[in-house]
1. Taking the range 316-347, which residues are of a type outside the set (Val, Ile, Thr), part of a strand (DSSP E or B) and surrounded by 16 or more Cβ atoms within 10 Å (Cβ to Cβ)?
2. Return only the number of the condition from (1) at pLDDT 95 or above; (2) more than 29 Å from ASP153 (Cα to Cα) that THR272 does not satisfy.
3. Please verify whether VAL77 is modelled with pLDDT of 80 or more and surrounded by fewer than 22 Cβ atoms within 10 Å (Cβ to Cβ), treating the condition exactly as stated.
4. Is there any pair with a first residue in the range 112-124 that is modelled with pLDDT under 75 and a second that is part of a loop (DSSP other than H, G, I, E, B) and not charged (D, E, K, R) whose Cβ atoms are under 7 Å apart and which are 6 or more apart or on different chains, and what are they?
5. Here are the criteria: (1) β-branched (Val, Ile, Thr); (2) modelled with pLDDT of 80 or more; (3) surrounded by fewer than 16 Cβ atoms within 10 Å (Cβ to Cβ). Tell me which single one THR49 does not satisfy.
6. What residue, of VAL504, VAL516, is assigned by TED's automatic domain parsing to the domain that holds MET720, more than 26 Å from ASN405 (Cα to Cα), touching a helix residue (DSSP H, G or I) at 6+ places or on another chain (Cβ under 6 Å) and among the hydrophobic types (A, V, I, L, M, F, W, C)?
7. Looking only at strands (runs of 3 or more DSSP E) that lie completely in the range 406-480, which have at least 1 residues being surrounded by 15 or more Cβ atoms within 10 Å (Cβ to Cβ) and not assigned by TED's automatic domain parsing to the domain that holds LYS377?
Amino acid sequence: MNRIYILLFFLFVGTIAFSQHIKGKVTTINDKGIVEPLTGVNVYWMGTTVGSVTGENGLFLIQNPDIFPASLITSMVGFISDTVVIKDAEQTGLQITLKNTVMLNAVNVEAKQDASMYSTIKPINTEVLGKKELLKAACCNISESFSTNASVDVAFTDAVSGAKKIQMLGLDGVYTQVLSENMPMLRGLSSAYGLNYIPGTWIENIMVTKGTGSVVNGYESISGQINLEFLKPEEQKKRFFLNIYGNHKGRAEANIHFTPKVNEKWQTMLFTHASSNTMKQDMNKDGFLDMPLTRQYSVFNRWNYHNQKNFEAQFGIKGLYESRQGGQSSFSYSSDHGTTKAYGIGINTRQLEFFSKTGFLFPSKPYKSIGVQTSGKIQQQDMYFGIRKYTGEQKSLYTNIIYANIIKTTDHKYKLGASYMLDDYAEKFNDSLFARTESVPGVFAEYTYTHAENFSMVAGVREDYHNIHGLQFTPRLHLRYSPVKKTTLRLSAGRGFRSPNVIVENQSIFASSRKVVFKENIKAEIAWNYGFSFNQQFKLFSREAFINLDLFRTDFVNQLVVDIDQHVNKVVFYNLKGKSYSNSLQVDLGFEPIKDLAVKLAYKWYDVQTTYNYELMDKPYIPKHRIMTNLAYSTYMEIWKFDFTANWFGQSRLPSTVLSPAEYQLSKKSKSYFLLQGQITKKFRKFELYVGCENALNYTQKNPVIAAESPFGENFDASMIYAPVEGRIIYAGLRLEIK
């Protein structure tokens, strides 16, 4: 059997499929004879449902038709529709000019794109967060970009490091596969702080997929996938972009994008980021900094190549350095590090990454392609929490090859391919060494069936051989059915598995005096996920509205159990003995009660339970009920933009502290609380200014550090966090664009 898999692997080794598209621009000529771009123009192939809409500057990108020649139609209310015959796939860079139906002295064209939207076309349940959604949370990294979105939850891991983690379907972020343009991204050492390393201004959009995703992207997604699409040089008309941010607590950030012109075949883009937090804050006067002092620098350079015929390539390199220092406000590294004079924390991270994507196209057969994705990473991380020390190094290599084709017609598409994942870890925690190499070759196949406009199916399987955990079979199925127009139903089911990184994925245990206990060798985590969703679009107040309902269940076959209930002075790691599951319900409603005022309401219910020491209990720190409200209003041409978000978090179970001294005991349940934030943006000709406020009610968890007066004592614990540690934040910033 192993020989067969090895043979299949080498047969498929080669390269991701690049979908072929045709690019163009739609303009009009005003009454003064000046050419103006048109935004919001419908562009589609005659006799098909394949279409696109022009974006900023009138640009569009549309997938190639099944056969050539084909008629491309452009239409917009107030303009005469135009039809262009495209002879072959090599025609690109189209320039289309639409004429007014009635010549007026002045014509104003308005177009509006939703900040986020649920896809009603894709078989896999996907929500797309656009640039407008990312700008609602002006602070510049991805971990802070989900605060205005209901699908992804964000929480602090402890009260001293400032690290944030995501959750989906009530499960920790390690069960969500985070991708960079469909390549695995946050894994291993970067799982704890990785979202803090990605500036939000670098991102074009984020695609959030609930449940197991496509087998083409790997085997690790259990609760969902988050795919980050970075800005691409060939799509940028702004040669220079600057974003500056600062808040009243001493945090400052700057992002610069530069897109120089090279030539028709080569495009490049340079991203740079610098941020720091230099002001010590201790709002609750417990002697510990509310947030650590930080410095972060990162740079990313990407290149794209198109030979205008049958070959495309992308490649890039990223580098990052970050340092964090926190703990007691009196801590000094030079005099207190390695001693018990004062409690300090320090986290230093160095990271170097590269990626490449190459694609071989077939102009006469636009549905056929061969491609390859490759990425690699070296990350070093040194940490100390008091007298606890950790050093780690990760070297990773990833390759994915995809062959895409059809069976007779484009109603029947398939992808075949192979992947290889290599992770080499060298870790040291106090005096214990942890070193391992994980090697995972795999093969996969995925079939997509589309029937007219009302039904589609994606069925995929993959087989991977993990050198530690053995053969792993991963089947997945996604169904989409639209019984009537504007009604979409989806069903999904699939399996996922992952190899846990016990120490680095549970760094909050460092911020305590708990003794670390391993009861046994940890096995692979395996789970099945099942999902149902319903989406209905309708008219409300004579305007477009939608309601979306998601229901998901995750059943674990095996899970790494992190038990902090068994003993107040211990954290015990062991494999699941009994049941562990997550039930998740989410309902979203979006509508416009008046013109230009978008309202989004969301309610979530979680039932997440795990067997701890042979007793099935609610997982701690997971509120059963959550409610989110978002209001977004903009004036004509978005000269002024106003955004307001309110989040309510219900009660959650807290770990048992009955064995602690009376003064350190916590209640069994957390308190419910509100978080409010808002932002106002004023647009000028070449720049815009924004001001905002986070945590407007100044709500923080009371006494987040247990036994703060004795940080080296047996009762010290800064990891029992369910609410913010940092209070109200007032910020301001500037965005400058030069074409």
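The values are calculated or read from the model by the stated rules, or taken from the named source; none is laboratory data. The structure presented is a predicted model; accordingly, all values stated were derived computationally and were not measured. Neighbour counts are summed over all protein chains in view; Cβ atoms, including those assigned to glycine, are modelled from backbone coordinates with ideal geometry.
1. GLY316, LYS318, LEU320, GLU322, SER323, ARG324, GLN325, GLY326, GLY327, GLN328, GLY344, GLY346
2. It is condition (2) that THR272 fails.
3. So VAL77 fails the test.
4. If the second residue must be part of a loop (DSSP other than H, G, I, E, B) and not charged (D, E, K, R), the pairs left are GLN113/GLY130; ALA115/GLY130; SER116/GLY130; SER116/ASN149.
5. If we test THR49 against (1) β-branched (Val, Ile, Thr); (2) modelled with pLDDT of 80 or more; (3) surrounded by fewer than 16 Cβ atoms within 10 Å (Cβ to Cβ), just (2) comes out false.
6. Among VAL504, VAL516, only VAL504 is assigned by TED's automatic domain parsing to the domain that holds MET720, more than 26 Å from ASN405 (Cα to Cα), touching a helix residue (DSSP H, G or I) at 6+ places or on another chain (Cβ under 6 Å) and among the hydrophobic types (A, V, I, L, M, F, W, C).
7. Per the criteria, no element qualifies.
Rundown of residues vs (1) aromatic (Phe, Trp, Tyr); (2) more than 30 Å from LEU61 (Cβ to Cβ), yes/no style:
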{"site": "HIS248", "(1), (2)": "no, yes"}
{"site": "ALA254", "(1), (2)": "no, yes"}
{"site": "VAL262", "(1), (2)": "no, no"}
{"site": "ALA274", "(1), (2)": "no, yes"}
{"site": "LYS285", "(1), (2)": "no, yes"}
{"site": "ASP290", "(1), (2)": "no, yes"}
{"site": "PHE311", "(1), (2)": "yes, no"}
